[in-house]
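The values are calculated or read from the model by the stated rules, or taken from the named source; none is laboratory data. Values in this document were obtained by computation on a predicted structure and should not be read as measured data. Counting neighbours? That spans all protein chains shown, and the Cβs are built from the backbone with ideal geometry, glycine included.
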Amino acid sequence: MENKITEFIFNKVGIPKSQKYLDLASLKHKLVAGNVANVAPPGYKAESFDFHSEFKKVSGAGSSLRGVTTNPNHIATGQHEAKPPKIHAERVKSGEMNSVNIDEEISNLAQNELLYEVGATLLQRKFEGLRKAIQSK
């Protein structure tokens, strides 16, 4: 009974969505950091994904149908939260050494840092709200 109540409380305040948000921000940070680290190797293709559309997909806010998996070994289809983000590799333009634009990547890094900071702050406030609700008499 206790697990059901705990699960209901955490799901009600949106903690799973916050976790997914932070997971996506972390993945985006890894991709951007990898792009910055590989600014010099010839032929390297910069990788990225659309954060907002992927968050819509994992939070269930998208408009596409999503498949249901009844077994952990099933392959996620459609707009399913278990389906990994679609990562795009930029093409190397002719005359260029690779597809990494360092100015754009540093801008992406700063923007992603803000996204992560907002997500972490919102999650912290949710836990503070839960703590206040538990401690109130």
Q. Can you pull out the residues in segment 1-18 that are assigned to a helix (DSSP H, G or I), surrounded by 14 or more Cβ atoms within 10 Å (Cβ to Cβ) and of a type outside the set (A, V, I, L, M, F, W, C)?
A. Pro16, Lys17, Ser18
Q. Which residue pairs have Cβ atoms closer than 6 Å, lie 6 or more positions apart in sequence or on different chains, and pair a first residue in segment 1-21 that is closer than 15 Å to Phe127 by Cβ with a second residue that is assigned to a helix (DSSP H, G or I) and among the hydroxyl-bearing types (Ser, Thr, Tyr)?
A. Lys17/Ser59
Q: Hey, can you tell me all the residues within segment 25-57 that are touching a residue at least 40 places away in the same chain (Cβ under 8 Å) and either of a type in the set (Lys, Arg) or assigned to a helix (DSSP H, G or I) (or both)?
A: Ala25, Ser26, Leu27, Lys28, His29, Leu31, Val32, Ala33, Asn35, Val36, Lys45, Phe51
Q) In segment 20-55, what residues are polar (S, T, N, Q) and at pLDDT below 90? A) Ser53
Q: Among the residues of segment 83-102, write down those that are closer than 19 Å to Pro42 by Cβ and loosely packed, with under 14 Cβ neighbours inside 10 Å.
A: Ala89, Arg91, Lys93, Ser94, Gly95, Glu96, Met97, Ile102
